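Written out below as structure tokens is the structure these notes cover.
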Amino acid sequence: YRLTKMLRMSPENEIFIWGNNPLLYAMSGKNPVGRFIVAFDIEDFQAHEETLLAVKQKDPYFIIVMNNQSPLPGLEEHLVTHYMPSTNFSTLTVWRKQER
């Protein structure tokens, strides 16, 4: 609930969750940046490039990465360059867009 409260405070309508927790979108009132909302769909449809492109184009303020999730190719590099770890929970890390 702490995470959803933090996400609701963001004025942006979209977030990206790399993992398999679609309930976070509903609980936070935020939309996904791309057409797939869970990692297993992105992996099943081999939509890695499409998803990373959507993340880069939409440039959400928050990106949530589930700890037990296999890496999304290119996401780590994007996070390290444009985001900073904001909050760590036992199951996930919240990355916040760096202020410019």
Under-5 Å amide H pairs with Trp18, H placed in peptide plane, nonlocal only: Ile64, Val65, Met66
What does the charge dipole of the chain about its Cα centre add up to, to the nearest 20 debye, if the Cβ of each Lys and Arg holds +1 and the Cβ of each Asp and Glu holds -1? 560 debye
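In whole percent, how big is the carbon plus sulfur part of the accessible area of the chain, probe 1.4 Å, protein atoms only? Show your work: numbers first, answer last.
Working: 3140 of 5960 Å².
With neighbouring chains kept in place, the figure for the chain is 53 percent.
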Quick one: of the DSSP bridges fully inside the chain, what percent are antiparallel, nearest 5? 65 percent
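Given a 1.4 angstrom probe, what's the average accessible area per residue across the chain, in square angstrom? Write out the running numbers ahead of the final one.
Values: 5960 Å² over 100 residues.
It amounts to 60 Å² per residue over the chain.
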Label of the coordinate-derived value, Rg and Dmax of the Cα atoms in Å, listed as (1) 14.5, 48; (2) 12.3, 36; (3) 13.0, 38: (2)
What 222 nm value per residue comes from the helices of the chain, counting each DSSP H run with n ≥ 4 as -39,500 (n - 2.57) and dividing by all residues, nearest 500 deg cm²/dmol? -10500 deg cm²/dmol
Reach of Lys97 by Cα under 17 Å, taken over aspartates and glutamates that are not fewer than 8 positions away in the same chain: Glu12, Glu14, Asp59, Glu76, Glu77
Output ³J(HN,Hα) for the range 20-33: one whole-Hz value per residue in order, computed from phi by the Karplus curve 6.51 cos²θ - 1.76 cosθ + 1.60 with θ = phi - 60°, and x for Gly and Pro. 10, 10, x, 4, 4, 4, 5, 5, 8, x, 10, 9, x, 7
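The values are calculated or read from the model by the stated rules, or taken from the named source; none is laboratory data. Not measured: the values here are computed from a predicted model. Here Cβ is always computed from backbone atoms with ideal geometry, including for glycine, and neighbour counts include all displayed protein chains. Note: accessible area is taken over every heavy atom of the protein model, side chains too, but ligands, DNA and RNA are not part of it. Shrake-Rupley method; radii C 1.70, N 1.55, O 1.52, S 1.80 Å.
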